[in-house]
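What follows draws every value from the coordinates through simple rules; no lab data is involved. None of these values were measured; they are calculated from a predicted model. A quick note on method: Cβ atoms are made from the backbone with ideal geometry, for glycine too, and the neighbour counts reach across all protein chains shown.
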């Protein structure tokens, strides 16, 4: 697998998480009881898997390699702005979860930020996938560059807690998909 395909594979998992966030949001708005621990897992996955691990690979390795190629700098600038938007939504979700956990009824803001994140991630990954398709069509990266990027991705694994932690986060996405509230 090359570096671009690796990021597109991540997007499959990220979009699964986005669907979980959307379902959770919809159910919260319908006054269905969702265990707060499950919502905390969603929040953790957004922060650790999506932002720290996946966006880390893009920001620390892939985008810096691509920024001076084929006039990609403007696209990359927009993606970085969108990453910051995702971080802000995630931060507001965490703040609302902390309030809820301390006894303040924050069901609506939690639902709102989960929905906002699901919309953000769907649109964002769609645009990035089109960008990645363009890079592949143009052959913008050599095999050596792909190899170098894949080595950088190993550092991103370490930054996210190591390969075992990334695998655990992937399993948590599957765990959430199997929860009763997801299958209602």
Rough spin-label spacing in nm, given labels placed 7 Å along Cα→Cβ, for residue 88 and residue 144: 4.1 nm
Stokes-Einstein, Kirkwood over Cα pairs, the stretch 3-183, 10 °C, 1.306 mPa s; D in µm²/s equals 93 µm²/s
Over the chain, what is the mean sequence separation of C-alpha contacts under 8 Å (at least six apart), divided by residue count, expressed as relative contact order in percent? 40 percent
Given a Förster distance of 25 Å, the FRET efficiency implied by the Cβ-Cβ spacing of residue 165 and residue 105, rounded to the nearest 0.05, works out to 0.15
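So between residue 151 and residue 29, what do we pick up on full extension, going 0.36 nm a residue minus the alpha carbon distance? Can you show the working numbers first?
Values: separation 122, 0.36 × 122 = 43.92 nm, distance 4.34 nm.
Between residue 151 and residue 29, full extension yields an extra 39.6 nm.
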Kindly express, to the nearest 10 degrees and within the range 0 to 90, the angle between helix 36-45's C-alpha long axis and the longest C-alpha principal axis of the chain. 10 degrees
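Tell me, what is the Rg over Rh of the stretch 1-105, with Rh the Kirkwood radius over Cα pairs?
Details: Rg = 16.3 Å, Rh = 15.4 Å.
Radius of gyration relative to Kirkwood radius: 1.06.
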Using label points projected 7 Å from each Cα along Cα→Cβ, tell me how many nm separate residue 78 and residue 178, to one decimal. 4.0 nm
In degrees between 0 and 90, to the nearest 10, how far off the longest principal axis of the chain does helix 3-29 point, with axes built from Cα atoms? 20 degrees
Cα extents of the stretch 102-184 along the principal axes, largest first, in whole Å, come to 53, 29, 26
In degrees, nearest ten, helix 163-177 long axis to first principal axis of the chain (Cα): 50 degrees
Beta carbons within 10 angstrom, averaged per residue: use that to sort the peptides 47-58, 100-111, highest first. 47-58, 100-111
Quick check: the distance between the Cα centres of the stretch 1-67 and the stretch 113-157, to the nearest angstrom? 13 Å
